[in-house]
Amino acid sequence: MSATEFQELLTAESDFLKPFAIHLTRDPVLAQDLYQETLYRALANSEKYRTGSNLKAWLYTIMKNIFINDFRKKRKHPVMFDTAALTLTTDRLMRPGSNTGEMNLRLKEIQQLVYALPEIFRKPFLLYFQGFKYEEIARMLHEPLGTIKSRIHFARKILKSRMKYFERIWDNASAS
């Protein structure tokens, strides 16, 4: 089978993968990524497909293996980010005798700080916080990798400085 014939067969027979991708990921955006990666791998390994064999089963297997391998990678290498300021605040909030109302108020304030970041910093920071890798964020936002790393770094710095400011306010309020 020629590469062109295989590509035509693949595009004609691949729509059944979309619901399976959504079933696996439970997220339309991740499902689209999984679907595209599956098609890419199938095209890259077209010489391994045997003409006349079950194309659907072959594609299902590719998709399932990509999903499992990605899941294992994420479990082995959890996303790391600077949580020093957030940890300090949540530790302080979670100590015995702390007021849950006060805790909820402070967590809302932290969330407001994140959403108050300029959009240029907020978007990459939130994507990174959600677990995306730098390279994925750069592709999604159509920006160079170095720019994304820099923006996430500055977002952390801004949040850290604003958190310290609010910590002083909270400390003064609780002392009085």
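The values are calculated or read from the model by the stated rules, or taken from the named source; none is laboratory data. These numbers were taken from a predicted model, which means no experiment stands behind them. Note: ideal-geometry Cβ built from the backbone for every residue, glycine included; neighbour counts use all protein chains shown. In case anyone asks, the SASA skips ligands and DNA or RNA and just uses the protein heavy atoms, side chains included. Shrake-Rupley method; radii C 1.70, N 1.55, O 1.52, S 1.80 Å.
Within segment 60-69, can you find the residues that are of a type outside the set (Ser, Thr, Tyr) and touching a residue at least 12 places away in the same chain (Cβ under 8 Å)? Selection gives ILE62, MET63, LYS64, ILE66, PHE67.
Of all residues in segment 139-150, those satisfying the criterion of being farther than 17 Å from LEU30 by Cβ and not β-branched (Val, Ile, Thr) are HIS142, GLU143, PRO144, LEU145, GLY146, LYS149, SER150. Please indicate, with yes or no, whether at least one residue in segment 84-106 is at pLDDT below 70, assigned to a helix (DSSP H, G or I), open to solvent by 80 Å² or more (accessible area, probe 1.4 Å) and of a type in the set (Lys, Arg). So far as segment 84-106 goes, no, none of its residues is at pLDDT below 70, assigned to a helix (DSSP H, G or I), open to solvent by 80 Å² or more (accessible area, probe 1.4 Å) and of a type in the set (Lys, Arg). The set of residues in segment 107-157 being open to solvent by less than 40 Å² (accessible area, probe 1.4 Å), assigned to a helix (DSSP H, G or I) and touching a residue at least 24 places away in the same chain (Cβ under 8 Å) consists of ILE110, LEU113, VAL114, PRO124, PHE125, TYR128, ILE148, ILE152, ALA155. Go through the residues of segment 7-22 one by one and say whether even a single one is β-branched (Val, Ile, Thr) and modelled with pLDDT of 85 or more. Yes, segment 7-22 contains a residue that is β-branched (Val, Ile, Thr) and modelled with pLDDT of 85 or more. Here the condition is being closer than 20 Å to LYS74 by Cβ and of a type outside the set (D, E, K, R); of LEU24, LEU17, it holds for LEU24 alone.
I'm trying to understand the selection: among the residues of segment 28-38, which are open to solvent by less than 50 Å² (accessible area, probe 1.4 Å) and either over 18 Å from PHE6 (Cβ atoms) or at pLDDT below 90 (or both)? Selection gives ALA31, LEU34.
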